[in-house]
Amino acid sequence: MINQGRVVQEFLELVQIDSASGQERLLTDALKSRLTALGLEVVEDNAGAAIGGNSGNLIARLPGTLKNVPTVAFAAHLDRVTPGFGIKPRIKDGVIYSDGTTILAADDVAGIVQMLEAVRVLKEQNVEHGDVELLFTISEEAGLKGAKNLDRSLVKADAAYFLDGGGDVGTIIPSAPAQRKITVTVNGVPAHAGIEPEKGISAIVVVADAITRMNLGRIDEETTCNIGTIKGGVATNIVPAEVTLLCEVRSRNEGKLATQVDHMVGEFEAAAKRFGVTADITVEESYPAMNLSEDDQAVQLVVEAVKALGLSPVLTPTGGGSDANILVGKGLPSVILGIGMEKVHSKEEFISIKQLVAGAELVVAIVKQAAKA
Ligand SMILES: [Zn+2]
């Protein structure tokens, strides 16, 4: 069904087209011409202009041969982490690597290639299917900026599958935590540390007092938090007047997330009050939670598709955030799928040809399953 030689050839070609966060133009143009040649309708949104990049998100549509079946979307991102320019792929024993000086960019070219091959197979095999949408996002690695600025009206799908997960094909990730960032600046009172320290109020002592009263790290099975950086003070002879901390809280449960954020903010405020100083605290949403359950249709559909390929579905949550979180926040039920890439974000990154092909098979199987729904 899948043309393995064609998949591998396309993968090798696309990883050799340079692309980076905000600098996806070359790859975007290459995909536009491939998608158009395959007969898809292709639209580029204005997200690039919004974030100062040279390319927008691409949304491609393969009109269905069937009506009244769910529209499914598949998504992958166009950008890569560094060092990602001048990739020279090498094949050894059925596995594709870089030459060791760069990443391979299977993250996320593998997902892109799996989508393109699936479309070719749907056409060649005259598979009956509903509408299929392909979404290619920019600047995922630089803070999910493409997804955040996506023109949501261009996506009509009932569910989306993000081909951007670790683990072998068959790995299904239906849930991921929400994240909040907390920035705290405590304003103490400076004084000469040797001459009149009693006139000062140490901002470092204030935050230390707050932190020792906090629950941090692993809070429960679905909630974590961390104080990641602390900066403040000028010299040993000055009572420190200002300290700034950056903290994060993650949870797959929005209620627990809010409780932990309130706990930390409350302890900082209480400590500031005890010492008679002020604290400036801001809480920002980095991304919302993804929390589909096994019973959701979007998950059931992929579970059945994986089984249809003779593979065993492995449902697992992730602790990270990705484009899928953003699309869930925009009301699109989303699932992340393992695509067989390994050691991503490193020069040792690799993917086996077997997994590359299996991912394309899974895309076809999901489209077939949706046609039965
Ligand atoms: Zn990725």
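Bear in mind that the values in this text are calculations on the coordinates, not laboratory data. Because the structure is a prediction, the values reported are computed rather than measured. Note that we place each Cβ from the backbone using ideal geometry, even for glycine, and neighbour counts take in every protein chain shown.
By the compact-protein rule of thumb, 2.2 N^0.38 Å, the alpha-carbon radius of gyration of the range 204-356 corresponds to a ratio of 1.43.
Hey, could you grab the Kirkwood Rh for the chain? Inverse mean 1/r over distinct alpha carbon pairs, Å, one decimal. Don't skip to the end; give the middle numbers.
Numbers: mean 1/r = 0.0447 Å⁻¹.
After inverting the mean inverse Cα-Cα distance, the result is 22.4 Å.
How big is D for the range 178-287, in µm² s⁻¹ as a whole number, if Stokes-Einstein is applied with the Kirkwood radius of its Cα pairs at 25 °C and 0.890 mPa s? This corresponds to a translational diffusion coefficient of 170 µm²/s.
Backbone amide hydrogens, once placed in the peptide plane, bring Ala191 within less than 5 Å of Val239, excluding anything fewer than 5 places away on its chain.
Within straight cross-link reach of Lys181, meaning Cα distance under 26 Å, which lysines are found once same-chain residues fewer than 8 apart are removed? Cross-link targets: Lys145, Lys148, Lys231, Lys256, Lys273, Lys330.
Need one number for the range 128-212: average projected area of the convex hull over its C-alpha atoms, nm².
11.3
GNM remark for the chain: springs join alpha carbons under 10 Å apart, and the peak mean-square fluctuation among Gly319, Gly338, Gly255 falls on Gly255. Converting phi to 3J(HN,Hα) with the Karplus coefficients 6.51, -1.76 and 1.60 and the offset θ = phi - 60°, the range 358-373 yields 4, x, 5, 4, 5, 4, 4, 5, 5, 4, 5, 5, 5, 5, 8, 6 Hz in sequence order, with x at every glycine or proline. Here's how it looks for Ile96: its modeled amide H is under 5 Å from those of Ile351, Ser352, Ile353, which are all 5 or more places away or on a different chain.
If you take every residue apart from Lys307 with its C-beta less than 15 Å away from the C-beta of Lys307, what net charge results, scoring Lys and Arg +1 and Asp and Glu -1?
On the way: positive: Lys368, Lys372; negative: Asp168, Glu294, Glu304, Glu361.
Summing Lys and Arg as +1 and Asp and Glu as -1 gives -2.
With Cα atoms defining each centre, the range 333-369 and the range 280-307 are spaced 18 Å apart in the structure. Our coupling estimate for the range 144-155, obtained by passing each phi through the Karplus curve with A = 6.51, B = -1.76, C = 1.60 and θ = phi - 60°, is 6, 5, x, 5, 4, 9, 4, 6, 4, 5, 7, 9 Hz, Gly and Pro reported as x.
Count neighbours as other Cβ atoms within 10 Å of each site's Cβ, and list the trypsin sites (Lys or Arg not before Pro) in the range 126-157 that are DSSP loop with at most 14 such neighbours. Before the final figure, lay out the partial values.
Values: sites: Lys145, Lys148, Arg152, Lys156; in loops: Lys156.
Qualifying residues, ordered by number: Lys156.
Scanning residues 5 or more positions from Ser334 or on other chains, those with amide H under 5 Å from its amide H are Ala160, with H placed 1.01 Å from N in the peptide plane.
Among Arg34, Arg80, which comes first, second and so on when ranked by fewest other beta-carbon atoms within 10 Å?
Placing the least packed residue first, the sequence is Arg34, Arg80.
Subtracting the Cα-Cα distance of Thr282 and Lys354 from their residue separation scaled by 0.36 nm leaves 21.2 nm.
Relative to a virtual label point 7 Å from the Cα of Lys156 in the Cα→beta-carbon direction, which members of the range 281-315 show backbone nitrogen distances below 20 Å? Label zone hits: 298. In order along the range 299-305, the phi-based Karplus estimate (6.51 cos²θ - 1.76 cosθ + 1.60, θ = phi - 60°) of 3J(HN,Hα) comes to 7, 4, 4, 6, 4, 5, 5 Hz; Gly and Pro are listed as x. Using just its DSSP H runs of length 4 or more, each adding -39500 (n - 2.57), the chain gives a mean residue ellipticity at 222 nm of -10500 deg cm²/dmol after division by all residues. Exposure proxy ranking for Tyr287, Tyr97, based on other Cβ atoms within 10 angstrom of each Cβ and starting from the fewest, stands as Tyr97, Tyr287. Dividing the convex hull volume of the alpha-carbon atoms in the range 300-361 by its residue count gives 111 Å³ per residue.
Fewest neighbouring Cβ atoms within 10 Å first, the residues Arg218, Arg120 line up as Arg218, Arg120.
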